[in-house]
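In what follows, a single structure is set out as structure tokens and then discussed.
Derivation of every value follows stated rules applied to the coordinates shown; laboratory data play no part. Owing to the predicted nature of the structure, the values given are computational and were not obtained by experimental measurement. No Cβ is skipped: glycine too gets one built from the backbone with ideal geometry, and neighbour counts run over all protein chains shown.
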Amino acid sequence: MAALVTLIFAAACGSNATPSPAHQPSTPTSHAIATPAVASSTTWLCRPGMAADPCTRNLDSTAISSTGAGTPEPASVATNSPFDCFYVYPTVSTETTANADLKIQPAEVNAAVEQASRFSQVCDVWAPMYRQRTLSSLANGAALGSDPSADDVAYESVLAGWKDYLANDNRGRPIIFIGHSQGAAMLIRLLESQVDPNPAVRKLLVSAIILGGNVTVPQGKDVGSTFHNIPACRSDSQTGCVIAYSSFLQQPPTDTLFGKPGTGVSLQSGQTATAGLQVLCTNPAALAGGTGALLPYFGVGAGTIGATKLTTPWVSFPGLYTAQCESSDGITWLQVHDLGTPSDPRPRATAAQGAGFGIHMYDVNIALGNLVADVRSEEAAYHPG
């Protein structure tokens, strides 16, 4: 069996989890934004034209069926895409300080490869290094929200990278935001302050993919709490909207960190309100609602699954999972159903960090094929404001 790439995705958690041609920006396709010049001082984890960019690595995959049979799935980085993706990675830093430094280390590279690189099929990926709150800080603090100063340092670092990008590199290009866990929390704060209230910048928004971060809405509504002008995406031809969910294999317990307003990961973005609110869930496999088939993608090492010897850096598991959004006891989540039989040789997602985390570590990869397809469709529907 293949050894899936080991990543520590623990924003809001203090334990380890084992889941498994660059080019210059093209000519602007939208109006320019008048923004004061900012010094280009960002350390970029991913950016177009960067040598050894982890977001433009080999994307070839093998689709593994329930019998273990493999089918090649070639894929390539987009050439001269008119769209940008702005990616903020989850908690991966193993440094012992409260906030990470800006040195690019294997943990950040692995996160970018596993979560962001497949989006390079549909956009140029920009990912700033930021002074994120470390795993050590979360473990020592014992709870999210326990060190707001460390969260503020992380956010100010992301904000500086955003301002640098917008002033010096965006050139009016439409944007897809992508973030998971702590990265989602940072994007919530960024969108709240820099995009949602700013019509000129908001016109550049294709969509925001904010996973495991607790975007909130008034009960039964699609907008009006975390964001006032950025609604839920309810079709893959809708733009200027947000895709958000936290994934579980069973109903979350009452002390969950995800899917419940005003607690858990909500605290990392300063969201404490609870009255009349629910956490937003949009099913990436069926944005209009109902059940859809998930298409997971995972980075892999050498090995075999069933009778298939793995020769590609990626593997997909079609037909293994379906999902739909569910709500109960004040919690809203993406309910993932495992359709595999005992004879199915494919590795399975498990709630390795406990019931309260669900399959948080897999939020991106469990539906990565769907998310890339959603972005592709949204880009086709996008028209500059």
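If each residue of separation counts as 0.36 nm, what is the full-extension length gain between Ser193 and Ala381 once their alpha-carbon separation is subtracted?
65.1 nm
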Cα extents of region 166-299 along the three principal axes, largest first (Å): 45, 33, 31
Length gained when the stretch Ala200-Thr311 is fully extended (0.36 nm per residue, less Cα-Cα span): 35.4 nm
Whole-Hz couplings from phi, Karplus 6.51/-1.76/1.60, listed for region 66-75; x for Gly and Pro: 5, 8, x, 6, x, 10, x, 10, x, 8
Furthest towards positive pole of dipole, Ile230, Thr272, Val217, structure part region 212-366, Cβ charges: Ile230
Stretchable slack from Thr97 to Lys221, in nm (0.36 nm times residue separation minus alpha-carbon distance): 40.6 nm
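Quick one: putting +1 on the C-beta of Lys and Arg, -1 on the C-beta of Asp and Glu, what dipole do you get for region 44-381 around its Cα centre, in Debye to the nearest 20?
280 debye
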Electrostatic dipole magnitude of region 123-246 [Cβ: Lys, Arg +1; Asp, Glu -1; Cα centre; debye, to 20]: 240 debye
Residues Ala75 and Leu339, FRET efficiency given R0 of 22 Å [Cβ-Cβ distance, rounded to 0.05]: 0.35
Answer label for P(r) over Cα pairs in 20 Å bins from 0, in percent (calculated), chosen among (1) 27, 56, 17, 0; (2) 26, 48, 21, 5, 0; (3) 31, 62, 7: (3)
In region 89-191, the trypsin sites (Lys or Arg not before Pro) that fall in loop regions by DSSP, at most 14 other Cβ within 10 Å: Lys103
Along each principal axis, Cα extent of region 62-147, largest first, Å: 46, 39, 22
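Taking Cα pairs under 8 Å and at least six residues apart, what relative contact order does region 130-236 come out at, in percent?
Working: 110 pairs, mean separation 23.3, N = 107.
This gives 22 percent for region 130-236.
Could you check what % of the DSSP bridge pairs in the chain are antiparallel, to the nearest 5?
Given both bridge residues lie in the chain, the antiparallel proportion sits at roughly 50 percent.
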Positive minus negative residues near Ser235 (Lys, Arg vs Asp, Glu; Cβ under 13 Å): -3
Cut-off 12 Å between beta-carbons: net charge of the residues surrounding Gly49, Lys and Arg +1, Asp and Glu -1: -2
For region 213-218, 3J(HN,Hα) per residue [Karplus equation, 6.51 cos²θ - 1.76 cosθ + 1.60, θ = phi - 60°, Hz, x = Gly/Pro]: x, 6, 5, 10, 9, x
Cα gyration tensor shape of region 321-374, rounded if a/c is under 1.5, else prolate or oblate by comparing a/b with b/c: oblate
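Find out how many positive minus negative residues lie around His337, taking Lys and Arg as positive, Asp and Glu as negative, among other residues whose Cβ is under 14 Å from that of His337.
Around His337, the surrounding residues sum to -2.
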Pair Ser328, Thr304: separation of 7 Å Cα→Cβ label points (nm): 4.1 nm
